Number of protein chains: 2
Amino acid sequence: MQSKAPAPFRPEPAAVTLADLGGVRLAGVAAGIKPSGKPDVALLVADADVSCAGVFTRNAFAAAPVKLCRAHLHESGGRIRAVVINAGNANACTGERGERDAQRMAERVASLVGCAKEQVLVASTGVIGVPLPFDRVEHGIDLAFAELAREPAAARRFLDAIQTTDAYPKEAGERGEGAFNVAGVAKGAGMIEPNMATMIALAGCDLAIEPGDLAQAATTVAARTFNAVHVDSHTSTNDTLLLFATGTNKAAVSPSSWAAAFERVSHRLAWLIARDGEGATKVTTVDVVRAPSEAVARDIARRIAHSALVRTALYGNDPNWGRFVSAAGNSELEVDFSRLVCRLQGTVVFERGEPTAFDRAAASHAMVTDDVSLEIDLGAGNASARVLTSDLGYRYVEINAEYTT
Amino acid sequence: MQSKAPAPFRPEPAAVTLADLGGVRLAGVAAGIKPSGKPDVALLVADADVSCAGVFTRNAFAAAPVKLCRAHLHESGGRIRAVVINAGNANACTGERGERDAQRMAERVASLVGCAKEQVLVASTGVIGVPLPFDRVEHGIDLAFAELAREPAAARRFLDAIQTTDAYPKEAGERGEGAFNVAGVAKGAGMIEPNMATMIALAGCDLAIEPGDLAQAATTVAARTFNAVHVDSHTSTNDTLLLFATGTNKAAVSPSSWAAAFERVSHRLAWLIARDGEGATKVTTVDVVRAPSEAVARDIARRIAHSALVRTALYGNDPNWGRFVSAAGNSELEVDFSRLVCRLQGTVVFERGEPTAFDRAAASHAMVTDDVSLEIDLGAGNASARVLTSDLGYRYVEINAEYTT
């Protein structure tokens, strides 16, 4: 069957990378934290203070590096000098020792860079509940600092070092109108022994942007992109999004312009994460439109994206209007569904309370694609919401049930 | 692997069945609604008015028979004479024709029984979005009426006729202290082409109970039993629970006593439904205890039971504390998790923010059972909540992705 053995998905390289932002040096090295020996320490060091803002997991068991980032962004006023990321160990559920280890990572970088430790941010991804092998991490930091460079190859090494079980590196970038660059990298949502999908994303812009403006943009961007990806209905202990602005480009660009560029780059990264959902064969973009409020639109979009019944139907290329519509009907909000129209890849499959006489074979065939569009039109307002989800197939079960600890 | 080819689960027959309640006659016949030719029309007719109460799906796309039941219970004051159930077609998403068909089913039964149509309740399960084959349904009603009987074999035929993809018939019953009988039957949560898990349950008692008291009990019983089963995070268009009391037994029994018996019978039926979750190899009972409020306990229990990551770990016999605890940590309510203790089959696997040094092999082995206990102890109050969930394995994907429409 077409859905069972899809060609491996390989994205195009990004047109603009972190190396194009200027004002930062990058490195990625193998420090032996990953048992595989693959690169696992990534370091970004800015030539001068750069504005930075973050959005982090809301999970109550937030990892030590997440707590550190929150504190350091506050203490530095959002003006940082370096970001260090390790893969292979998430430093989560590691108690006080974990908090000390995260601090020590920041201190090590700060002493090498010659900045305050509050100007260093830390992110970690990998196994949870196991203390960091700190000697290796420290060695990796020293090694990375020695290899910092400005060229595209360094940006690529940085990207490689933040991967865990990712099937492909995730990067996105564009040259915005008004001549500025935005570029980003991400890892996720591959599962990590023993546990969780961690999303780490870092995106930068070469414009000069105040930390407060960046923080405002980060919240909006996260809500519309990364927080609208549903692969597991499960946010991890380590989810981290960092936006930064180097200020090397003195062009005057409107805030709406650079914010939109950050959103496009983040949307592409989020799409790449959803496409790489474990065992996923496609991304489905769930749009709820003409809703009475954004809360209603978001609730319905999330219920559809979360439903295991919907996600198995997407995997099976099954134009299963009953699952789509009844997932919407599970909303506990006050919603008038009487004018609901459901469109699958543009074809109306349900309206006026009943399925239409659509061509099932054609509708199923249209679902064999990298990006399925599923639209719920409530005909009851102007609000909308978009959520991306991956399909749920055998590989998901295999990855999550077989690779036990 | 032990989890992959479990022995087919077959429950013990119930000690007390609907036939033991007295005052009702039962039938189950094959009317040709199911393509398989298996029994598909079930009829229960009471000798005199019986008290009845119902709890129904909250899905906005509630099927025509659900709307009919709500109206008839209201109009009859909860004093009914008959229940007719058909399998093979859910009469859902069938528009005005569907509503007329449900009415005609009630009218047909009423004319045979000689009662008001408001005293007849209707439930349907099966394919959705397809009009009822009304001639067959009508013929089935006539056939069933002619075969009504009081013996256990009739109760068994009734039970057989409400099944869809159930792997085994679901019944439960007990002789309560104070000498009264409670018995029930259920179907679910097997998937039905093209679509949804419908849960239909009917439980009766031989005591005389006022409709209002029964309605109050039904709400509590549903919340604690059927509504605490999470197989798909998806309530169907047709979910129906009916409780009735025949009044043939004049014993004086306290309301708390009969309500507890209804709850035990319903809990057993709910457990049997969870155990029959598609592809399920076990039931997991998620208990959240010592919570500051029932809302918090319920939210956390549901997040754990809904998590695909948790459910695949249960399938793989993986004592994956990280998934259990982080699913709890996803709660958006204000919760203090600092004293959280997680117990898996009685073994503490996580406390004080870190995993314990438990024996993983032994913990995994202890998960090879029909009923896994997963407890989250918040150490922060007296409230608790219990949710049942099934595990998520390959068969779930197979059933839900392959059997396309």
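The values are calculated or read from the model by the stated rules, or taken from the named source; none is laboratory data. Here the structure is a predicted model, which is why all the values come from computation and not from measurement. Note that each Cβ is placed from the backbone with ideal geometry, even for glycine, and that neighbours are counted across all protein chains shown. Areas reflect the complete protein model, heavy atoms only, side chains present, ligands, DNA and RNA absent. Shrake-Rupley method; radii C 1.70, N 1.55, O 1.52, S 1.80 Å.
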Exercise. Give me a single rounded figure for A:391-398: the average over its residues of other chain Cβ atoms within 10 Å of their Cβ.
Key: 6
Self-check item: Listed residue (B:Ile304, B:Ala385, B:His139) projecting farthest to the positive dipole end of chain B, Cβ model
Solution: B:His139
Quiz item: Using a ≥ b ≥ c from the Cα gyration tensor of region A:306-360 (square roots of the eigenvalues), is it rounded, prolate or oblate, where a/c under 1.5 gives rounded and otherwise the larger of a/b and b/c decides, a/b for prolate?
Solution: oblate
Quiz prompt | Degrees between helix A:211-224 axis and first principal axis of chain A (Cα, 0 to 90, nearest 10) | solution = 30 degrees
Quiz prompt | Value of relative contact order over chain B, rounded to a whole percent, pairs C-alpha under 8 Å and six or more apart | solution = 18 percent
Practice problem: Pop a pseudo-label 7 angstrom from the Cα along the beta-carbon direction at both B:Asp47 and B:Glu99 and give the gap in nm to one decimal. | Solution: 3.8 nm
Quiz prompt | Cα shape, region B:295-405, gyration tensor, a/c 1.5 rule | solution = oblate
Self-check item: Inter-chain shielding of B:309-319 (mean C-beta neighbours from other protein chains, 10 Å cut-off)
Solution: 6
Quiz item: Hey, can you rank B:373-384, A:117-128, A:163-174 by average C-beta count inside 10 Å, highest first?
Solution: A:117-128, A:163-174, B:373-384
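Just need the relative contact order of region A:334-405 here, percent rounded to a whole number, with Cα pairs under 8 Å and 6+ apart.
Working: 67 pairs, mean separation 22.7, N = 72.
Relative CO of region A:334-405 lands at 32 percent.
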Practice problem: Would you mind working out the magnitude of the charge dipole of chain A relative to its Cα centre, with +1 at each Lys and Arg C-beta and -1 at each Asp and Glu C-beta, to the nearest 20 Debye? | Solution: 160 debye
Quiz prompt | Cα gyration tensor shape for chain A, rounded if a/c is under 1.5, else prolate or oblate | solution = prolate
Quiz item: From the residues A:Thr220, B:Gly78, B:Val109, which one has its Cα farthest along the dipole of the protein assembly as shown in the positive direction, the dipole being from +1 and -1 charges on Cβ of Lys/Arg and Asp/Glu about the Cα centre?
Solution: B:Val109
Exercise. Set Lys and Arg Cβ to +1 and Asp and Glu Cβ to -1, take the dipole of chain A about its Cα centre, and tell me which of A:Trp321, A:Gly54, A:Leu148 lies farthest positive.
Key: A:Leu148
Practice problem: Would you mind checking A:Lys34/A:Lys250; A:Lys34/A:Lys170; A:Lys282/B:Lys38; B:Lys67/B:Lys170 for any pair whose Cα atoms are more than 29 angstrom apart? | Solution: A:Lys34/A:Lys250; A:Lys282/B:Lys38
Quiz prompt | Relative contact order %, region B:203-298, counting alpha carbon pairs below 8 Å whose residues are six or more apart | solution = 38 percent
Practice problem: Write down the percent of antiparallel bridges among all DSSP beta bridges whose residues are both part of region A:281-400, to the nearest 5. | Solution: 70 percent
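Return the value, in Å² to the nearest 100, of accessible area buried between chains A and B (probe 1.4 Å, both sides summed).
Details: alone 16660 and 16700 Å², together 28780 Å².
It comes to approximately 4600 Å² buried between A and B.
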Quiz item: Taking the Cα centre of each part, how many Å lie between region B:97-118 and region A:270-340?
Solution: 37 Å
Quiz prompt | Spin-label model distance (nm) - B:Thr220 vs A:Ser36, 7 Å beyond Cα toward Cβ | solution = 5.6 nm
Practice problem: Note down the nm distance, to one decimal, between modelled labels 7 Å out along Cα→Cβ at A:Ala116 and at B:Ala153. | Solution: 8.8 nm
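Averaged over A:91-99, how many beta carbons belonging to a partner chain fall within 10 Å of each residue's beta carbon? Provide the component values of the computation, followed by the final result.
Working: counts 0, 4, 9, 3, 3, 2, 1, 2, 0.
Across the residues of A:91-99, the mean count of other-chain Cβ atoms within 10 Å is 3.
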Quiz item: Helix B:134-146: angle to the longest alpha-carbon principal axis of chain B, degrees 0 to 90, nearest 10?
Solution: 80 degrees
Quiz item: Could you give the angle, 0 to 90 degrees to the nearest 10, between helix B:152-161's Cα long axis and the longest principal axis of the Cα atoms of chain B?
Solution: 70 degrees
Quiz item: Which whole-Hz couplings ³J(HN,Hα) result when phi for each residue of region A:114-119 is put into the Karplus expression 6.51 cos²θ - 1.76 cosθ + 1.60, θ = phi - 60°, listed in order with x for Gly and Pro?
Solution: x, 9, 6, 5, 5, 9
Practice problem: Read phi for every residue in region A:374-382 and hand back ³J(HN,Hα) as whole Hz from Karplus 6.51 cos²θ - 1.76 cosθ + 1.60, θ = phi - 60°, with x for Gly and Pro. | Solution: 10, 10, 10, 9, 7, x, 9, x, 10
Quiz item: So how strong a dipole does the protein assembly as shown carry about its Cα centre when Lys and Arg Cβ are +1 and Asp and Glu Cβ are -1, to the nearest 20 debye?
Solution: 300 debye
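Using the heavy atoms of the protein chains alone and a 1.4 angstrom probe, what is the accessible area of the protein assembly as shown per residue in square angstrom? Provide the component values of the computation, followed by the final result.
Details: 28780 Å² over 810 residues.
Value for the protein assembly as shown: 36 Å² per residue.
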Self-check item: Fraction of antiparallel bridges per DSSP, the protein assembly as shown only, in percent to nearest 5
Solution: 70 percent
Practice problem: Per DSSP H run of at least 4 residues, take -39500 (n - 2.57); add these up for the protein assembly as shown, divide by its residues and hand me the 222 nm value, nearest 500 deg cm²/dmol. | Solution: -10000 deg cm²/dmol
Quiz item: Can you list the HN-Hα couplings for region A:31-41, worked out from phi with the Karplus curve (6.51, -1.76, 1.60; θ = phi - 60°), rounded to whole Hz and with x for Gly and Pro?
Solution: 10, x, 6, 6, x, 6, x, 6, x, 8, 10
Self-check item: Percent carbon-and-sulfur accessible area, region B:263-398, ignoring ligands, DNA and RNA, probe 1.4 Å
Solution: 44 percent
Practice problem: May I ask what percent, to the nearest 5, of DSSP beta bridges between residues of chain B are antiparallel? | Solution: 70 percent
Quiz item: Tell me, what are the semi-axes, in whole angstrom and largest first, of the equivalent ellipsoid of the protein assembly as shown as set by the roots of 5 times the Cα gyration tensor eigenvalues?
Solution: 54, 28, 21
Self-check item: Within a Gaussian network of chain B (alpha carbon springs, distance under 10 Å), most fluctuating of B:Pro255, B:Pro35, B:Pro131
Solution: B:Pro35
Self-check item: Euclidean distance between Cα centres, region B:150-172 to region B:71-96, Å
Solution: 19 Å
